[in-house]
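*Asks:* Quick one: this structure, given as structure tokens, is what I'll be asking you about.
No lab work stands behind these numbers, since they all come straight from the coordinates. Since the model is a prediction, treat every value here as computed from it, not as a measurement. With ideal geometry, Cβ positions are generated from the backbone for all residues, glycine too; neighbour counts draw on all protein chains shown.
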Amino acid sequence: MSDWRCYLGRHLDFKKMQLVLAKHWKPYMKETHVSMADATVYESRITYPTDIKLLWTSAHWLYQRIVEVCKEVKVRRPRIRYQRQRERCLAFQRRRKKSRRKEKRMRKGMICFITRLLERLEQLLETHGDHLLNKRQQQRLKTIRALYYQQRQRVTDPQSKIENRIVSLHRPYVRPIVRGKEVKPVEFGAKVHLLQVDGINFIEHLSYDAYNEGTRLKSAIWMHRDLFGACHQFAADKIYATNENRKYCTRQKIATCFVPKGKQGAHEQQSRALRVELGRQRGTVLEGSFGNEKNHYMLNKIKARRKDTEILWIFFGIITCNAVQISRRKARGKPVSMAA
């Protein structure tokens, strides 16, 4: 099963796949002229990252590789005070209150310890060859070096912004995404921009880097046209209501749920009723679909171990939820086009 999952992950093109599925699902969909869009994060299953935890995991991995290399080439193990650093780290983690001052001291000590470990391991590899580490271990060593430079930069220049910050050694492609939620201000996983048409979700954009979903309005409308034709009504939250997006929707004669600016025309009551209904559908149907997928289709915490298989996991979770809805509509009666 894992081999098939890896194969499908390497060859998946979810945009073409969605075009084929939309063609078969369209007869069972009614309101194909209305679309809704929003972004959500499908979190990866990783432990909550802290600087000390990441540094200690890196140090432990480096020490294990040094021990294995020394044993394989039959040389004496270098004198490294690993046990002392381990006791210091455990003592720090047991503390109920971790002040910033003590955390900073612990971070500096861990960085110095990792510096020594990297020097010892690089000396062994230069003397006895890089073939002592397999491909996966070499990739992990590269990730640890990048994490080491990021943490050292944070100590030397705390005000500087760290690009492509690593939050997991096992999944270095995952990035912190600030969502601003009260319960969960930061999430770690893939940020997916979804387009929903008549309760069916389609992936418009997927990225592990943080992005502003408000800039994806035009792409969402273009995708709607590719899948179902003309779009006459569009619902989204306040972040989409920029002047550029408003002008684009006005030119394309697309009604939105955005709060209007300036004076209204003669049909103010009808426009307001339409805006309220679009906003209600977005807040209930679209937002509810996110919770349904995460709670019932294994998208709450993605357990895949690779980037391509994790994207495959997300895609099949969303498509399975859609297929269940389409199957229920099929069971209720004939397709919409045949019934009309």
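*Asks:* Enumerate the calculated ³J(HN,Hα) couplings along the range 47-63 in order (Karplus 6.51 cos²θ - 1.76 cosθ + 1.60, θ = phi - 60°), each rounded to whole Hz, writing x wherever the residue is Gly or Pro.
*Replies:* 5, 5, x, 10, 4, 5, 5, 5, 5, 5, 4, 5, 5, 4, 5, 5, 5
*Asks:* Using alpha-carbon pairs under 8 Å, 6+ residues apart, how would you state the relative contact order of the chain in percent? Walk me through the intermediate numbers first.
*Replies:* Numbers: 377 pairs, mean separation 98.9, N = 340.
Worked out over the chain, it gives 29 percent.
*Asks:* Of Leu195, Val73, Ser2, which is farthest on the positive side of the dipole of the chain, counting Cα position, with +1 on Lys and Arg Cβ, -1 on Asp and Glu Cβ, and the Cα centre as origin?
*Replies:* Looking along the dipole axis, the top candidate is Val73.
*Asks:* Follow-up question, since we're still on this one. So how tilted is helix 307-332 from the main axis of the chain? Cα-based, degrees 0 to 90, rounded to 10.
*Replies:* The two axes meet at around 30 degrees.
*Asks:* Let me ask you something else. If the limit is 21 Å between Cα atoms, which of Lys218/Lys301; Lys30/Lys218; Lys294/Lys330; Lys142/Lys184; Lys97/Lys191; Lys184/Lys301 go over it?
*Replies:* Values: Lys218/Lys301 30 Å; Lys30/Lys218 23 Å; Lys294/Lys330 24 Å; Lys142/Lys184 30 Å; Lys97/Lys191 33 Å; Lys184/Lys301 14 Å.
From the list (Lys218/Lys301; Lys30/Lys218; Lys294/Lys330; Lys142/Lys184; Lys97/Lys191; Lys184/Lys301), the Cα-Cα distance tops 21 Å for Lys218/Lys301; Lys30/Lys218; Lys294/Lys330; Lys142/Lys184; Lys97/Lys191.
*Asks:* State, to one decimal in nm, how far the label point of Ser160 lies from the label point of Gln138, with both points 7 Å from Cα in the Cβ direction.
*Replies:* About 2.8 nm, to one decimal.
*Asks:* Compute the long axis of helix 217-228 from its Cα atoms, compare it with the longest principal axis of the Cα atoms of the chain, and write down the angle in degrees, 0 to 90, nearest 10.
*Replies:* Helix 217-228 and the main axis of the chain meet at about 60 degrees.
*Asks:* ³J(HN,Hα) across the range 190-195 via Karplus (A = 6.51, B = -1.76, C = 1.60, θ = phi - 60°), whole Hz, x for Gly/Pro?
*Replies:* Karplus-based 3J(HN,Hα) across the range 190-195 equals 8, 8, 10, 9, 10, 10 Hz.
*Asks:* If you add up the charges near Tyr208, with Lys and Arg at +1 and Asp and Glu at -1, over every other residue whose beta carbon is less than 15 angstrom from its beta carbon, what do you get? Show your work: numbers first, answer last.
*Replies:* Values: positive: Arg45, Arg165, Arg171, Arg175, Arg179, Lys191, Arg305, Arg306, Lys307; negative: Glu43, Glu163, Glu187, Asp209, Glu213, Asp308, Glu310.
Cβ neighbours under 15 Å give a net charge of +2.
*Asks:* Of Gly279, Thr309, Phe290, whose Cα points farthest to the positive end of the dipole of the range 276-316 (charges on the beta-carbon: +1 Lys, Arg; -1 Asp, Glu; origin at the Cα centre)?
*Replies:* Thr309
*Asks:* Considering only C-alpha atoms, what is the centroid distance from the range 184-226 to the range 1-32, in Å?
*Replies:* Rounded to whole Å, the Cα centres lie 16 Å apart.
*Asks:* Can you give the net charge of the other residues whose Cβ lies under 15 Å from the Cβ of Arg5, counting K and R as +1 and D and E as -1? Mind showing how you got there, number by number?
*Replies:* Numbers: positive: Arg10, Lys303, Arg305, Arg306, Lys307; negative: Asp3, Asp308, Glu310.
The answer is +2.
*Asks:* Whose amide H sits under 5 Å from the amide H of Thr256, counting only residues 5 or more places off or on another chain, with H placed in the peptide plane?
*Replies:* Those qualifying (amide H under 5 Å, at least 5 residues apart or on another chain) are Phe234.
*Asks:* Compute the separation of the alpha-carbon centres of the range 157-173 and the range 238-270 and state it in Å as a whole number.
*Replies:* 39 Å
*Asks:* List the residues, sorted by chain then number, that are 5 or more residues from Val186 or on another chain and whose placed amide H is less than 5 Å from its amide H.
*Replies:* The list, which skips near neighbours in sequence, is Arg179.
*Asks:* On to the next question. Just order 298-304, 15-21, 91-97 by mean Cβ neighbour count inside 10 Å, highest at the front, would you?
*Replies:* 298-304, 15-21, 91-97
*Asks:* For the range 137-246, what relative contact order do you get, as a whole percent, if you take Cα pairs closer than 8 Å and at least 6 residues apart? Can you show the working numbers first?
*Replies:* Details: 104 pairs, mean separation 16.3, N = 110.
Relative contact order of the range 137-246: 15 percent.
*Asks:* Give the long-range amide H neighbours of His205: residues separated by 5 or more places, or on another chain, with amide H under 5 Å away, using H modelled in the peptide plane at 1.01 Å from N.
*Replies:* Correct list: His193.
*Asks:* Near Lys30, within a Cβ-to-Cβ distance under 11 Å, what is the net charge of the other residues, with Lys and Arg +1 and Asp and Glu -1?
*Replies:* Details: positive: Lys26, Arg329; negative: Glu31, Asp198.
Charge balance in the 11 Å sphere: 0.
*Asks:* In whole percent, what relative contact order does the range 51-156 give with Cα contacts below 8 Å and a gap of six or more residues?
*Replies:* On the way: 51 pairs, mean separation 45.9, N = 106.
After rounding, I find 43 percent.
*Asks:* Continuing with the same structure: Any idea what angle helix 135-156 forms with the longest principal axis of the chain, computed on alpha-carbon atoms, 0 to 90 degrees, nearest 10?
*Replies:* Rounded to the nearest ten degrees, it is 90.
*Asks:* For the chain, go through all pairs of different Cα atoms, get the mean of 1/r, take its inverse, and jot down that Kirkwood value in Å. Mind showing how you got there, number by number?
*Replies:* Details: mean 1/r = 0.0422 Å⁻¹.
It works out to 23.7 Å.
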